[in-house]
Amino acid sequence: MDNVIGQIDRALDMTGAIVVAAVDGDRLAASTPCPEWDVHAVLNHAVGGMHLFAAEVSGTDAGAGHDDDWLGIDPQGAFAAASEVDRAAWHRPDALAGTVHFSLGDLSGPAAAMIHLTEVVAHGIDIAVAIDRPDLADDELCAELLTTMHAMGGLDGFRKPGMFGAEVAVPADAPAHRRLLGYLGRAC
């Protein structure tokens, strides 16, 4: 499971590159594969999630709730700051050893890391698709995440409104980022 920390780093790098490409002009208002969420809402959710996970992993206070405004007037700066806090939390020597208190209940460190990895990757891809920049997706990371999800028994227990919808059919030869979004219930 130590590999998941490296994957979180890669996900933060990928999503950071996407955010830098996304945050200009009208792109914050672009529709995403997340129903009823534009780029701004997805980015705010991702930044808030990074702060909340980091706080839980490191035993600190995030300072705000998931639905609060985490972006302010500088979405790129907000993502960069959250990424730094998130990375530091997951690189703590005991990050995977403890229990993380999450809205789904108490999770082991490795389970929380997988959920967090999924969030960062999926929301990064949501934004990349919204701004027509799927070339920024780390398809190798997306393929690794899909393989891990299937090896862990899949997502069926999490398929409910607000989390993951029913799987959307995507051609088997589609790029890994499209297969991942389809598996998570997003049409792209």
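The values are calculated or read from the model by the stated rules, or taken from the named source; none is laboratory data. The structure presented is a predicted model; accordingly, all values stated were derived computationally and were not measured. Cβ atoms come from the backbone with ideal geometry, glycine included; neighbour counts cover every protein chain shown. The area values use the complete protein model at the heavy-atom level, side chains included, leaving out ligands, DNA and RNA. Shrake-Rupley method; radii C 1.70, N 1.55, O 1.52, S 1.80 Å.
A few notes on this one:
- Rough spin-label spacing in nm, given labels placed 7 Å along Cα→Cβ, for Ala174 and Asp24: 2.9
- Computed over protein heavy atoms with a 1.4 Å probe, the accessible surface of the chain works out to 47 Å² per residue.
- In plain terms, the chain from Met152 to Glu36 could stretch by 38.8 nm, reckoned as 0.36 nm per residue minus the Cα-Cα distance.
- Most mobile listed residue (Met149, Met50, Met114) in the chain, GNM with C-alpha springs under 10 Å: Met149
- Using the Cβ-Cβ distance between Asp67 and Asp106 with R0 set to 25 Å, the FRET efficiency from 1/(1 + (r/R0)^6) comes to roughly 0.70.
- The portion of the accessible surface of region 1-146 made up by carbon and sulfur, rounded to a whole percent, is 51 (1.4 Å probe; DNA, RNA and ligands excluded).
- Across all Cα pairs in the chain, the calculated P(r) in 10 Å bins from zero up to the longest distance comes to 10, 39, 39, 12, 0 percent per bin.
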